[in-house]
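**Q** Next up is a structure, given as structure tokens.
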Amino acid sequence: MTKRHRSDSRMPKTFIGMCFAIAMLAAGCGALEPVVLQRATDAPAAESEARLETVAPTAAPTETLLPPTDTPTQPPTATPTAPPTATTEPTVTPMLSPIDRMVAARNPEKGKILFETFQDDAGSGYSCSNCHLPTSEKTNIGPGLLNIKQRAATRVEGLSAAEYIYESITNSMGYTVEGFEADLMPQNWAEIYTDPEIFDIVAYLLTLEGESDIDDPDPAAGGSESASD
């Protein structure tokens with residue numbers, strides 16, 4: 001009986017001591033909360049998801065299609081063809097004779113003065129203008145000399161106008177105009193004039209061009225209308 005009482009008295013003390021120890025431990029440390037471990041990658045992923053949720057998605061650009069335009073069609077153009085070229089023969093420039101070259105180099109104004117000047121030397125006592133009209137085709141004593149260039153070019157085959165006139169002055173008996181006497185023109189002009197002076201006169205005569213008056217009813221002064229150069 002005594003032995004059981006001792007055993008029962010020790011057990012409550014031990015139980016009380018354990019309870020006291022647990023209470024002290026709880027009071028000193030506070031309530032223990034469970035610790036939840038998270039991986040380091042969980043936070044950035046959550047933040048990324050949050051950002052994606054707050055940013056509204058942008059609509060993808062849509063391509064604006066324009067209605068097709070009609071391409072204007074041009075009618076075909078005809079290929080231009082070159083007009084046929086007329087075949088022309090090459091122009092042959094006649095070679096000038098020595099007399100043509102000398103006359104071309106002389107002075108017509110000086111020849112006009114010589115044509116109108118009386119020549120008393122060598123017993124002539126006359127001028128070219130005494131017998132020939134420079135402004136008419138009609139006859140005075142000799143043929144009129146207007147447009148003499150055209151007529152002289154056809155007088156003798158092979159002679160130019162300048163050559164024919166030069167020969168008519170220096171050798172008046174060589175070519176006689178129909179209707180005139182062969183000795184009508186003085187024979188000493190080559191003695192009165194030098195060759196350069198004769199070339200001046202020829203150069204002047206080649207400038208005598210104008211409207212023909214051969215059909216004018218008024219007769220030329222001092223001459224016959226029947227003869228012409």
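**Q** Carbon-plus-sulfur fraction of the accessible area of segment 128-216, 1.4 Å probe, in percent?
**A** 50 percent
**Q** Can you list residues whose amide H is under 5 Å from Gln119's amide H, if they're 5+ apart or on another chain and H is modeled 1.01 Å from N?
**A** So Gln119 has HN proximity to Gly125, Tyr126, Ser127.
**Q** So how do 173-179, 160-166 stack up, highest first, on mean other-Cβ count within 10 Å?
**A** The peptides rank, most packed first, as 160-166, 173-179.
The values are calculated or read from the model by the stated rules, or taken from the named source; none is laboratory data. A quick note: this is a predicted structure, and the numbers were derived from the prediction, not measured. In this analysis, Cβ positions are derived from the backbone assuming ideal geometry, glycine residues included, and neighbour counts consider all displayed protein chains. Each accessible area value is taken on the protein alone, full model and side chains, heavy atoms only, with ligands, DNA and RNA left out. Shrake-Rupley method; radii C 1.70, N 1.55, O 1.52, S 1.80 Å.
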